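Report on the following structure.
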Amino acid sequence: MLKATLLKAAGSPTLQRQVTSNPVARRVAARFIAGNNLDDADRVIRELNARGASVALDYLGENTESEAQARESTAAYLAALDRIQDHQLDANISVKLTALGLDVRPELALEEASKVAARGKEIGAMVGVDMEAYQYVEKTIETVGRLKQSYDNVGVCVQSYLFRTRDDLDRLNAWGVPVRLVKGAYRESPEVAYAEKALVDRAFADLLEDVIAHNPYPMVATHDPALVRLTKRLVAEHRRDRGTFEFQMLYGVRRDLQQQVVAEGYRLRVYVPYGTQWYPYFMRRLAERPANLYFFLSNLVRR
């Protein structure tokens, strides 16, 4: 119930104004968000690289409403890729197709994503496509399939809580598209997604074995120690080289587990968001883990 309430709040403009204007909320959000601009993100990337972690850089923003806004998002992604190349950062980028105009026209999103993928290919950086709410899943898979025809540096995220993900994964494995496996963080109907945590975890574990066995470059995104251990066991069983997959975790979440993974010699990529449009992302992080919500509320009390 609490998770559903927080996810619903993520779409409230009124709450967004209240939270983003609250200095305590902004300070707490800084635990999960690198900062407002690319310079802030650059500093965080350098810190993480120094600790042995790679980065997936995410310019925050979604659901643009015009071609002009979509092209502004494209410009931000391209600037991030330029910074990665110019400063020799160990990073790639993650994009949202709704930021690139998917709500305006699917062809616009494909056009803008192609620009980003082309630049990523020039500098040798993967462009990961985030998976958004259920209504965008099929369009996202279709767009990734079209991008794959011209660019071999495009990956995509899939969510274990959706019933359809098994079929989507089969398609992506057949196309040779690298997959980032997550549990899922949007508010979805029980008609399309598992509602119980145990079922989501079980689906993740089932999909994980398929990803490890058949995907060209699995990206296992979890902070669950049991699933981290399962990944290590499956990798050993399938005799995958450690250079052919990676763990992914979120900036500001389970730093102890991140350090442990790196210390054991596994690849780790930390998902680092930045930008002023941080409210929806922040609310989804609070909804995901009770510890995140406790951290937020305890800071409000100490104000």
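Below, the figures for the structure above:
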{"quantity": "Restricting region 139-162 to residues that are assigned to a loop (DSSP other than H, G, I, E, B) and touching a strand residue (DSSP E or B) at 6+ places or on another chain (Cβ under 7 Å), the residue that is surrounded by the fewest Cβ atoms within 10 Å (Cβ to Cβ)", "calculated": "153"}
{"quantity": "Whichever residue in region 82-115 is part of a helix (DSSP H, G or I) and among the acidic types (Asp, Glu) and, among such residues, is farthest from residue 130 (Cα to Cα)", "calculated": "86"}
{"quantity": "Test for residue 76: is it touching a residue at least 12 places away in the same chain (Cβ under 8 Å) and at negative phi", "calculated": "yes"}
{"quantity": "Test result for residue 69, part of a loop (DSSP other than H, G, I, E, B), over 18 Å from the mean Cα position of the chain (by Cα) and either at negative phi or surrounded by fewer than 22 Cβ atoms within 10 Å (Cβ to Cβ) (or both)", "calculated": "no"}
{"quantity": "Those residues of region 240-265 which are part of a loop (DSSP other than H, G, I, E, B) and either of a type in the set (A, V, I, L, M, F, W, C) or within 19 Å of the chain's Cα centre (by Cα) (or both), in sequence order", "calculated": "245, 251, 252, 253, 254"}
{"quantity": "Residue tally, condition modelled with pLDDT under 90 and assigned to a helix (DSSP H, G or I), over region 1-50", "calculated": "23"}
{"quantity": "Count of residues meeting criterion [in contact with a Pro (Cβ under 8 Å, 6 or more places away or on another chain) and either over 19 Å from residue 94 (Cβ atoms) or exposed (fewer than 13 other Cβ atoms within 10 Å of the Cβ) (or both)] in region 174-203", "calculated": "1"}
{"quantity": "Residue 251 vs. criteria in contact with a strand residue (DSSP E or B) (Cβ under 8 Å, 6 or more places away or on another chain), at pLDDT 85 or above and closer than 19 Å to residue 34 by Cα", "calculated": "yes"}
{"quantity": "Odd one out for residue 237 among (1) under 20 Å from the mean Cα position of the chain (by Cα); (2) farther than 22 Å from residue 136 by Cα; (3) of a type outside the set (Val, Ile, Thr)", "calculated": "(1)"}
{"quantity": "Of residues in region 121-138 being in a helix (DSSP H, G or I) and not polar (S, T, N, Q), the one surrounded by the most Cβ atoms within 10 Å (Cβ to Cβ)", "calculated": "136"}
{"quantity": "Candidate set: region 258-281, residues that are modelled with pLDDT of 75 or more and of a type in the set (Phe, Trp, Tyr); chosen: the one surrounded by the most Cβ atoms within 10 Å (Cβ to Cβ)", "calculated": "274"}
{"quantity": "Condition met for residue 173 (at pLDDT 95 or above, in the same structural domain as residue 74 (by TED's automatic domain parsing), under 21 Å from residue 234 (Cβ atoms) and among the polar types (S, T, N, Q))", "calculated": "yes"}
{"quantity": "Matching entry among 226, 195, 205 (being in a helix (DSSP H, G or I), out of contact with any Leu (no Cβ under 8 Å at 6 or more places or on another chain), assigned by TED's automatic domain parsing to the domain that holds residue 116 and of a type in the set (A, V, I, L, M, F, W, C))", "calculated": "226"}
{"quantity": "Residue identified as more than 18 Å from the chain's Cα centre (by Cα) and either in contact (Cβ under 8 Å) with a residue 60 or more places away in the chain or surrounded by fewer than 22 Cβ atoms within 10 Å (Cβ to Cβ) (or both) among 60, 48, 38, 89", "calculated": "89"}
{"quantity": "Single condition residue 69 does not satisfy, out of (1) over 19 Å from residue 186 (Cβ atoms); (2) touching a Phe, Trp or Tyr at 6+ places or on another chain (Cβ under 8 Å)", "calculated": "(2)"}
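Here's the yes/no breakdown for (1) in contact (Cβ under 8 Å) with a residue 60 or more places away in the chain; (2) among the hydroxyl-bearing types (Ser, Thr, Tyr):
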{"site": "140", "(1), (2)": "no, yes"}
{"site": "144", "(1), (2)": "no, no"}
{"site": "154", "(1), (2)": "no, no"}
{"site": "160", "(1), (2)": "no, yes"}
{"site": "165", "(1), (2)": "no, yes"}
{"site": "170", "(1), (2)": "no, no"}
{"site": "175", "(1), (2)": "no, no"}
{"site": "179", "(1), (2)": "no, no"}
{"site": "185", "(1), (2)": "yes, no"}
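The values are calculated or read from the model by the stated rules, or taken from the named source; none is laboratory data. No experiment lies behind these values; they were computed from the predicted model shown. Heads up, the Cβs are rebuilt from the backbone with ideal geometry, glycines too, and the neighbour counts pull from every protein chain shown.
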